[in-house]
Structures are given as C-alpha cells and as structure tokens.
1. Given the DSSP H assignment, sum -39500 (n - 2.57) over each helix run of at least 4 residues in the chain and divide by its residue total; what's the result at 222 nm in deg cm²/dmol, nearest 500?
2. Apply the Karplus curve 6.51 cos²θ - 1.76 cosθ + 1.60, θ = phi - 60°, to the phi angles in region 54-70 and return the couplings in whole Hz, x for Gly and Pro.
3. Considering the chain as a Gaussian network with a 10 Å cut-off on Cα pairs, which listed residue, 102, 82, 11, attains the greatest mean-square fluctuation?
4. Just grab the label-to-label distance for residue 84 and residue 99, each label 7 Å out from Cα along the Cβ direction, in nm (one decimal).
5. When a/c is below 1.5 the answer is rounded, else prolate if a/b is larger than b/c, else oblate, so apply that to region 3-82 with a ≥ b ≥ c taken from the square roots of the Cα gyration tensor eigenvalues.
6. Given contacts defined as C-alpha pairs under 8 Å and at least six residues apart, what's the relative contact order of the chain, whole-number percent?
7. Of the labelled options [x] 50, 44, 33; [y] 66, 49, 30; [z] 47, 39, 28, which one gives Cα extents along the principal axes in Å as computed for this structure?
8. Label region 68-138 by shape, choosing from rounded, prolate and oblate, from the square roots a ≥ b ≥ c of the eigenvalues of the Cα gyration tensor; if a/c is under 1.5 it is rounded, and otherwise prolate applies when a/b is larger than b/c, oblate when it is not.
Amino acid sequence: MRQAQVTRNTLETQITVSINLDGTGTSKFDTGVPFLEHMMDQIARHGLIDLDIVAKGDLHIDAHHTVEDVGITLGQALAKALGDKKGIRRYGHAYVPLDEALSRVVIDLSGRPGLEYGVTYTRAAIGGFDVDLFGEFFRGFVNHAAVTLHIDNLKGQNAHHQAETIFKAFGRALRMAIEHDDRMAGVTPSTKGTLVG
C-alpha cells in the first residue's frame, strides 16, 4: 500500500498529514480553516486518495502559515508515499467545469519542482478566505513533492466556482498521474532512469 504519514512542526504551525494513494476518497480534517478543508475534500474525493490532515497554526495572525504549511506537508507526504515511482503513469491532466467556471490542471511527477499558476480570481476573498493563499498552497506543495504543475482557470465569474474547479481538476489529474500502468510494471517512466531528485 502506498501510504505515508508526515509531521511538520515549526514555531508557526504543527501539521500532520496521513495519505493513502490507493484509497477510496475518504477524508478527515481539523485545520481551523473551513474553506481550505472544503478544497482538500475535493482532492481526496476526485483523486480517490484517503487524506487525514490535522493542523494547528497561528490563525490569530491569519491563515497564511497554516495554508502554506499544509501544502508543504501534503507535498512531503505524497513524495514519501510514491517512493521510487516505478510503474506509475507519471503524467496527469484534467479539465473540470462547475457551471460557468472551467479549469485545467496538468501534472508531471517529474522529480523537479515547478509551478505555472494562471489564476485571476474575480474577488479577493471567499467567505473571509484570502484567495491569494491558494497560490502559496500550491507553491509549497510542488516544492516539496518535487512535481511540475500547471494550473489555469480558463473561465469563471464566481470565485468559489473558480477555486472548486481548480481543486477538483487537481485531484483528477493527480489520480491519473499516480495510477499504476500495467505495461510499466517495475519500470521508471523516464529516460533518465529516475524520477527522484
């Protein structure tokens, strides 16, 4: 089973992420940031990844450190659960609509961190959640998962819909990339022979 648990403690946050890449999409969250939890649920459900995240952060300041550090710890947990990445598809992509909004996410489990984030939200906050923090979440994730990630919101008038299509598409793209490919059993999908580091 491709499972991992990572705990990350700093002076700003204490976070534990448990992940099962071969799960059923069940999730449990205790972060103190409800809209972040709503988005993490999209990853779990649409990625068919079991996800348990507990975070205690300096929310009396704002949600920045908590959201960014959840991204970092999730990236670390994904990398640990994937191991040597032998036999996986490596690449994943998804287009996801929600009413008027449409987003595209493309991922490469390349071993190289890179983020292209093409998102302009129609408002600065969703229910008090600062949408700029999603960029920090994904930046933290790619830097610690060592993946290349392209995120583009192609259409959208409602900021909630924009965010939800992004996270649903991310879950679907990740699900495709981590899937076992029977024709690649025991083989690293790279001419370099490695996707680690």
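Values in this text are rule-based calculations from the coordinates and carry no lab data. As the structure is a computational prediction, the values presented were derived from the model and not from experiment. We place every Cβ from the backbone using ideal geometry, glycine too, and count neighbours over all the protein chains shown.
1. -11500 deg cm²/dmol
2. 10, 9, 10, x, 7, 5, 5, 8, 5, 8, 3, 5, 5, 5, 4, 6, 5
3. For the chain, modelled as a Gaussian network with Cα springs under 10 Å, the answer is 11.
4. 4.9
5. oblate
6. Computed over the chain, the figure is 27 percent.
7. [z]
8. oblate
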